Amino acid sequence: MPTAQSVMLAIHCKKTDTTDVKTPLLTYIRATYSDREADDAADDVEKVQSLRAEVGLAQSGTQPGVRDTLIKYYRCLNAIETRFPISKEKSAAQVNFAWYDAFRPSRRVVQPNLHYEKAAVLFNLAALSSQAGPLGQLSTEACGLFALLRESESPKTDSPKPMDLTTECAGLLEKLMLTQAQECVYHKAVIDKKSPNVLARLAKQAGTMYDEVERAFAAPSLANYFDKSWAQHVSLKASIYQVEELIQLGQQYRSEDKVNNQIAVLKEAFARLQNTRRIARAISTEMSDSVNRTQVRQFPGSAVRSARSLSRYTESVDGLLRQQFDRLAAATDNARLKLAEWELPDTLKALDARPPSALPEALSRELAEIEAIGGVNHLKGILAEIGELRREVDADLMAAQ
């Protein structure tokens, strides 16, 4: 964790088939306006067709300039929306847009709906932002794009909607990207050597956000949609940051010489770390069957896939767990040294084991005398009388003034 090495999820781009945008648009212009208007618009429509072809060819997201192409095409779609209706109505331009589900690539959905095309383009822009570049900045950008998809385009697509373009899925991916951005904030704070108190708060926030994402994966509409490794990865991250919070709290308590609190949180951290290890083992077992459908990233680093994804993922997770165990062991040793300096808990054990007869003789005689005159109750009575006398003296002094 503190080395700023962390595995993060990236989103695959949606794939599409070749779509003829030019012919339906020119046909609509001729039917609605005139041949002359169609001839005047031919060059602009040709540019739109060219951009659509580039979008279709750049489906892996690795080609240079693909992000700029998607942005230009999205702007063209916004311009088309204000001029030409594209829908299944006979009076509208009949353009059938075909896209494949990003998480279920065999599922193909065709809709004559411009908002469906815009939603798919926004999805791919968000996916690209999750795959490359400065993680914190682009995770935040991906979050914003998924939010725009959820709010603006997803509700306007036709039914049945592909699951990856539903408001539920877009909302989940929005939360996931925001959570990974928060994780980057934590790593930046570690690099900047912030105080353990600050790091504990940031780790707690990251763990809480990963918990929320895990619950989103379990929503009825999405429970059987994503591969299990996605939800397991998020569960692992939530557990890791819960442990990290406790370790940082232990460091804070150590700086304040609150050894008892430090020991308590370190015990809790150790128990939770055992659970984290179990989650990691489950992921390593099941991820081998599904790694081709999961894309992961490292901080800092680039996207990796297939067998390399599994290898790097398991290596990174194992490294994180080993590091946390080492840090936990070091913190525990420090707590033990502090107890040894205070001669604890041996002193307490010695006092508990010491029989009453082992008290010094003079102290035993004084205790016997106190017991003879009434014991503790007698002493309490004397203290009460002293308190009453003090109040009377204070009253006399006030009267004299």
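Readers should treat all values here as calculations from the given coordinates under stated rules, not as data from a laboratory. These numbers were taken from a predicted model, which means no experiment stands behind them. Ideal geometry is used to build each Cβ from the backbone, glycine not excepted, and the neighbour counts take in all protein chains shown.
Tabulated values for the structure
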| read-out | value |
| --- | --- |
| Inter-centroid distance (Cα atoms) of segment 245-279 relative to segment 64-107, Å | 52 Å |
| Taking Thr82, Thr140, Thr167, Thr157 and counting other C-beta atoms within 10 Å, the order from fewest to most | Thr82, Thr167, Thr140, Thr157 |
| Environment charge of Lys14, counting only residues whose C-beta is closer than 9 Å and scoring Lys/Arg +1, Asp/Glu -1 | -1 |
| Computed label-point distance, nm, for sites Glu361 and Ser221 using a 7 Å Cα→Cβ extension | 8.7 nm |
| Extension gain from Glu371 to Arg75, taking 0.36 nm per residue of separation minus the Cα-Cα distance | 97.3 nm |
| Length gained when the stretch Ala264-Asn96 is fully extended (0.36 nm per residue, less Cα-Cα span) | 54.2 nm |
| Spatially proximal lysines relative to Lys258 (Cα-Cα < 18 Å; intrachain offsets below 8 disregarded) | Lys267, Lys338 |
| Stretchable slack from Tyr33 to Glu392, in nm (0.36 nm times residue separation minus alpha-carbon distance) | 118.6 nm |
| Residues with amide H under 5 Å from that of Ala10, placed H, sequence gap 5 or more | Gln295, Val296, Arg297 |
| Whole-Hz ³J(HN,Hα) from phi, Karplus 6.51 cos²θ - 1.76 cosθ + 1.60, for segment 20-32, glycine and proline x | 8, 8, 5, 4, x, 5, 5, 4, 5, 5, 5, 6, 8 |
| Straight-distance crosslink candidates among lysines, where the alpha carbon sits under 21 Å from Lys156 and sequence neighbours closer than 8 are dropped | Lys14, Lys15, Lys88, Lys90, Lys118 |
| Mean separation of Cα contacts under 8 Å (6+ apart) over length of segment 226-282, as relative contact order % | 43 percent |
